[in-house]
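The values are calculated or read from the model by the stated rules, or taken from the named source; none is laboratory data. What you see is a predicted model; the values in this text were computed from it and never measured. Don't worry about glycine lacking a Cβ; one is built from the backbone with ideal geometry, like all the others, and counts go over all protein chains shown. Side chains are part of the model used for accessible areas, which takes the heavy atoms of the whole protein and leaves out ligands, DNA and RNA. Shrake-Rupley method; radii C 1.70, N 1.55, O 1.52, S 1.80 Å.
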Amino acid sequence: MAIAPEEPAAAAARPDEEKFFVIGNRRLKYEWLAKATGATKYAADLKLPRMCQGKLLRSPYAHARILRVDTSRAEALEGVFAVVTGAELPEKYGIMPSSQDETAFAVDRVRYMGEAVAAIAAADELTAEEACNLIDVLYEPIQTITSIKEALDPSRPRIHDDQSETANIHKEVHLEFGDVDEGFAEAAYVREDEFFFEGNTHAPMENHAVIGHFDPHGKLTVWSSTQTPHYLHRELAKAMSMPTARIRVVAPPSGGAFGGKSEMFSHEVAAAALSRKCGRPVMIELTREEVFYCHRGRHPVAMKLKTGVTSEGAITAMHFQSWLDGGAFGSYGVATTYYTGALNTMPYKVPRYRFDGIRVFTNKPPCGPKRGHGTVQPRFAIECQMDKIADALGLDPVDMRIRNAVDPMSGTVNGLRITSCAVRDTLRAAASRSGVQERRGKLPFGQGIGIASSVYMSGAGLPIYWNPMPHSGAMVKIDRGGGVAVYCGTTDIGQDSDSMLAYIVSEVLGVDPLDIRVLSGDTDLTPVDLGSYSSRVTFMAGNAARQASDRLRAQLAEVASEELEIPKERLVFGNRSVYDREDTDHSLQFIDVAQKAETRFGTLAASGSYTPPKLGGKYKGSGVGPSPAYSFTTAVAEVSVDLETFELHVDKVTVAHDCGRAINPMIVEGQIEGSAYMGYGEAVMEEQVFRKGLHKKPSLLEYKIPTILECPELESIIVEGPDAEGPFGAKEAGEGPLSPVIPAIANAVYDAIGVRFDSTPITSEKIMKALDKSARDKAQGSLGETAS
């Protein structure tokens with residue numbers, strides 16, 4: 001069935017009196033029809049001539065020395081084209097320059113169950129799998145370390161030979177801003193609590209997949225389901241001992257990532273190395289179980305939080321401590337450790353702040369970035385404690401948060417710059433829509449409502465590896481037929497960054513988004529973009545695309561101004577034309593203007609880039625946390641607890657999000673709802689648990705994520721307060737809305753049954769035990785408030 005293209009939207013008035021043709025209107029996604037019909041090609045859908053299948057051999061031990069690897073039987077199997085082992089790729093790498101501790105395959109020992117030991121390229125997947133089983137590996141088991149407590153024990157064996165002499169400590173951070181002890185002395189009330197946030201994983205619909213192909217000229221092309229093609233490009237060069245100029249990385253559309261595809265993995269190196277060895281393209285698609293082993297998900301974090309407040313609830317000092325279970329390798333762990341402390345001085349004013357953080361190594365798959373990267377765990381602790389403080393002082397938790405909220409155009413005690421800020425507006429909007437202030441504490445036993453707020457960033461202020469170059473680049477080209485092409489190194493991982501680029505360019509040039517072709521995620525064809533992580537793409541790539549478009553518009557305007565005989569200031573670009581603001585019938589078609597401009601200036605192409613302003617304080621670690629803009633979110637959760645089965649039902653989640661300006665409100669609402677859904681899953685069911693290093697739930701049958709049947713009603717409220725530095729005022733909307741959902745649910749559960757849960761997930765078993773304990777405590781005359 002043919003579907004008519006979307007009609008150009010009429011210019012719409014905005015709160016700041018600006019008028020836009022595209023920005024701020026609800027439009028279909030750029031690639032909606034291709035995805036809806038199944039035409040979109042993901043990495044695993046690609047086929048090349050003579051392509052063979054790759055498979056990885058993975059360790060059955062969590063911690064063991066490798067005494068021998070014998071591949072002779074595998075190599076002799078008919079249909080096997082190549083075998084590679086760790087001895088052939090000994091170069092260490094890592095996404096963080098300070099954590100170069102991984103190799104493509106284990107060389108001297110394995111450090112987690114499922115770590116890659118060798119790889120096979122064969123005629124088909126079954127042959128490759130059979131060949132893996134023929135590789136003989138002799139292991140010598142070593143004592144396994146699977147908890148933070150065990151990792152801090154200096155008597156345990158070291159997972160890495162060059163680490164701390166005293167324990168399996170990867171990173172230790174100690175920072176203090178202001179006289180914290182003085183702040184606690186001034187406080188009328190001081191609260192101390194311990195929290196634990198269980199680790200969880202991304203569970204994208206699309207498994208990781210890659211094709212590696214060495215051409216006859218010795219150039220490597222890798223098609224990979226990655227969200228950071230630029231960083232993969234760099235790391236492949238190191239792991240393969242090749243010049244980057246001979247490597248091309250292409251990122252096809254991704255079927256979900258959430259941070260789980262933001263660094264280089266063994267299968268990506270394996271496909272490249274096998275192709276180099278056998279002279280054929282090699283495809284490797286991971287099974288769902290292997291995706292759990294790749295992991296790089298949310299760190300399990302133990303936390304201690306001490307906060308002092310005045311009798312009115314104003315914060316006087318905060319001391320936050322975190323212990324992160326990082327798994328076997330560094331990954332993004334140095335940054336994650338800092339992130340557990342960096343953003344805690346927002347969204348509430350914290351005049352004095354102390355942070356102590358420790359990340360340890362354990363014999364489990366390495367943890368890394370998952371949606372909200374290191375900030376979700378402390379936000380759970382802070383927002384739960386904020387509610388406890390409000391109850392202890394007899395204050396309304398909404399009013400207390402509003403009074404403590406940070407101000408626009410201000411700074412934090414740890415040197416973070418705040419520009420636009422609508423946190424109070426999100427609090428008022430969510431509270432008004434949900435009625436939390438009127439209903440909290442007044443619902444029947446078993447029903448509850450809770451609130452929480454959060455902050456997130458619109459991209460990191462510094463790149464992962466230090467350099468003074470732009471963080472994002474874009475090129476825009478206009479052809480003689482009136483079509484426009486946008487080239488940008490971003491990757492669309494479901495957040496619809498391709499649409500964002502099309503909307504921004506179409507708004508500047510006055511063409512319809514359907515006239516624009518976006519080419520993204522290709523290191524040979526597009527300028528560098530650092531990747532789709534830290535909610536940076538709209539702000540950074542959007543600014544780069546706007547700058548490139550503005551430069552082309554200036555050339556078009558010069559021609560149109562002369563042709564129409566009016567000043568440039570009166571020109572309006574919109575609806576595929578350029579016209580006089582004071583006489584809309586006095587106009588030129590865009591295609592005619594483009595052709596006249598090309599006649600005068602030559603090929604119409606321009607580049608743009610974005611580099612954040614200099615941000616951050618003058619202390620070690622100040623590079624983690626600064627961002628050109630911060631988003632703010634408030635969530636209200638409504639829950640009911642079945643008092644017979646102890647099941648927790650989250651009935652509704654209302655989320656108000658400050659995104660600056662919504663480029664496309666429909667997509668922003670989708671991002672808010674996706675975050676709320678993911679936060680709901682982390683709050684009530686998701687957990688990565690291990691027994692002696694063995695992953696207990698490496699499938700979607702056992703690792704529970706919410707289905708549409710469990711998902712609560714989700715209501716999104718877009719709060720707009722345009723940011724002066726964002727593209728058309730936009731800020732992030734992809735990660736920020738997740739963080740407050742989890743503590744909002746925990747606070748609602750307390751309102752429902754009078755028991756606090758300071759660990760995640762909040763399961764039926766925990767509720768049953770807590771209510772049983774509560775009943776026993778009541779019988780003994782001392783109600784216990786907090787459940788572990």
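Values computed for the structure shown
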item	result
Volume per residue that the Cα convex hull of region 180-321 spans, once the total is divided by residue count, Å³	154
Tyr456 - accessible surface, heavy atoms, 1.4 Å probe, Å² rounded to 10	0
Accessible surface of region 187-227, 1.4 Å probe, proportion on carbon and sulfur as whole %	51
Residue among Ile478, Ser453, Val398 farthest towards the positive dipole end of region 346-489, charges placed on Cβ	Ile478
Cβ-placed point charges (K, R +1; D, E -1), dipole of region 539-605 about Cα centre in debye, nearest 20	420
Largest-first ordering by accessible area, 1.4 Å probe, given options Glu565, Glu713, Glu582	Glu565, Glu582, Glu713
Cα point-scatterer Debye curve for region 320-393, base-10 log of I(q)/I(0) at q = 0.18, 0.21, 0.24 Å⁻¹	-0.73, -0.91, -1.09
At 1.306 mPa s and 10 °C, Stokes diffusion of region 659-708 via Kirkwood alpha-carbon radius, µm² per second	121
The chain - percent relative contact order, Cα under 8 Å, separation 6 or more	15
Hull volume in cubic angstrom per residue (convex hull over the Cα atoms of region 62-112)	106
Whole-Å semi-axes of the ellipsoid equivalent to region 469-610 (Cα gyration tensor, √5λ, descending)	28, 14, 12
Residue-wise HN-Hα coupling along region 572-585, computed from phi with Karplus coefficients 6.51, -1.76, 1.60 (Hz; x: Gly, Pro)	10, 9, x, 6, 6, 8, 10, 9, 7, 4, 8, 8, 5, 7
Under 14 Å, Cβ to Cβ, from Thr526 - net charge with Lys/Arg +1 and Asp/Glu -1	-2
Cα-Cα over 26 Å, subset of Lys697/Lys731; Lys388/Lys614; Lys364/Lys652; Lys304/Lys652; Lys442/Lys766	Lys697/Lys731; Lys388/Lys614; Lys364/Lys652; Lys304/Lys652
Cα-based equivalent ellipsoid, region 36-135: semi-axes from gyration tensor eigenvalues, Å	26, 21, 12
Principal axis dimensions, the chain - Cα atoms, whole angstrom, descending	88, 73, 55
Size of charge dipole - the chain - debye, nearest 20, with Cβ of Lys, Arg +1 and Asp, Glu -1, no other charges	1320
Farthest positive-ward along the chain dipole, Cα basis, beta-carbon charges - from Pro712, Thr412, Asn168	Asn168
Amide proton proximity set for Arg58, modelled H, under 5 Å, gap of 5+	Val117
Reciprocal mean inverse distance between Cα atoms of region 457-524 - Kirkwood radius, Å	13.3
For region 219-340, share of DSSP beta bridges that run antiparallel, in % to the nearest 5	70
Hz values of 3J(HN,Hα) by residue in region 359-364 - Karplus curve (6.51, -1.76, 1.60), Gly and Pro given as x	10, 10, 8, 9, 8, 9
Accessible area of region 90-177 belonging to carbon and sulfur atoms, whole % at 1.4 Å probe	48
Accessible surface of region 469-610, 1.4 Å probe, proportion on carbon and sulfur as whole %	45
Solvent accessible area, Å² - Tyr30, 1.4 Å probe, full protein context	70
Restraint check, Lys35/Lys92; Lys149/Lys773; Lys219/Lys261; Lys149/Lys620, Cα-Cα greater than 30 Å	Lys35/Lys92
Karplus 3J(HN,Hα) series, Hz, for region 417-422 with 6.51 cos²θ - 1.76 cosθ + 1.60 (x for Gly, Pro)	8, 9, 9, 5, 7, 10
Amide H contacts under 5 Å for Phe20, placed H, 5+ residues apart	Ala12
Rounded to the nearest 10 Å², the accessible area of Val413 at probe 1.4 Å	50
Cα-derived Rg over Rh, computed across region 390-494 with Rh taken as Kirkwood radius	1.18
Whole-Å distance, taken between Cα centres, linking region 338-412 and region 225-259	33
Listed residues Asp479, Asp580, Asp356 arranged by accessible area, highest first, probe 1.4 Å	Asp479, Asp356, Asp580
Listed residues Lys620, Lys778 arranged by accessible area, highest first, probe 1.4 Å	Lys620, Lys778
